[in-house]
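To start, the structure under review is shown below, and the notes come after it.
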Amino acid sequence: MLELRNVSFEVSGDTSQIEIIKNMNLTMDERKFIVITGPNGGGKSTLAKLIAGIEKPTAGQIFYDGVDITEKSITERAKMGISYAFQQPVRFKGIQVLDLLRIASGQELTVSEACQYLSEVGLCAKDYINREVNASLSGGELKRIEIATVLARGTSLSVFDEPEAGIDLWSFQNLIQVFERMQQKDEKRSIIIISHQERILNIADEIVVLADGQIREQGTKDDILPSLLGTSSAVDMCHRLQGGN
């Protein structure tokens, strides 16, 4: 279980401190597929980075499986079973896909084992296993390779920051299938996705609506999604997420 207690996060502005996350209390149960949504600038990506340890809260505490991880590093959290997938995947010049999968798994994977992870994300393994993780790969290819590394790690909590960003429609449709398989294959895995895409919201167990650094709503997909999609226009939806009347 992941729990945030009175968590705030501030950055320095030109003349004062800017509060991105505001005294947030949030509990996310284990073995759930949770989507965090809301308007741009509402604090979604910051929340994901706080969970992963990329950023540290300026106030409050974060607990994972009952352990206070507020001051723990990214590496320490990774060892505890937390994975993080960037909105824009990192390119590793000089590192082949096979090497990356071996590093992620912490094992000397055979080529056959590594190829299985690539197959799970819809990539033809023989075309990618020996390729470098560099600029020659498209955004969609990088996304799927990054998800393959998350699968190889096999962690209990996986956090994805806007996995649909910068990819084509075909790749996005395949990503949905990957997440569905992850959800069905391993009941012990918890998944948190930052997204505003309806198709991702539709496969969630639970939806958290975040706006202006605060939680506006939290509940099951059946409770939250109809009201989000029932607005008359995209403008109305954005207004609703931002807390307008």
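Worth a mention:
- Remark on Arg131: its backbone amide H falls under 5 Å from those of Val97, Leu98, a criterion applied only to residues 5 or more positions apart or on other chains, H modelled at 1.01 Å from N.
- Helical mean residue ellipticity (222 nm; -39500 (n - 2.57) per DSSP H run of 4+; nearest 500) of the chain: -10500 deg cm²/dmol
- Region 2-241, relative contact order [Cα under 8 Å, separation at least 6], %: 27 percent
- Fraction in percent of alpha-carbon pairs per bin - 5 Å, region 100-148: 4, 23, 35, 26, 9, 2
- The chain: angle of helix 111-120 to the longest principal axis, Cα-based, in degrees nearest 10: 40 degrees
- The orientation-averaged projected area of the convex hull spanned by the Cα atoms of region 43-83 comes to 2.8 nm².
- Antiparallel bridges, percent of DSSP beta bridges restricted to the chain (to nearest 5): 60 percent
- Coarse-grained scattering of region 2-241 at q = 0.16 Å⁻¹, given as base-10 log I(q)/I(0) from a Debye sum over alpha-carbon atoms: -1.20
- Dipole axis of region 133-233 (+1 Lys, Arg; -1 Asp, Glu on Cβ), positive-most option in Ile145, Ile193, Ser227: Ile145
- Highest mean first, the peptides 43-49, 10-16 sorted by other C-beta atoms within 10 Å per residue fall in the order 43-49, 10-16.
- Principal axis dimensions, largest first and in whole angstrom, of region 112-229 by Cα: 46, 29, 23
- Percentage, to the nearest whole number, of Cα pairs in region 8-83 over 19 Å apart: 39 percent
Read the figures in this text as sums done on the coordinates, not as results from a lab. These numbers were taken from a predicted model, which means no experiment stands behind them. Note: ideal-geometry Cβ built from the backbone for every residue, glycine included; neighbour counts use all protein chains shown.
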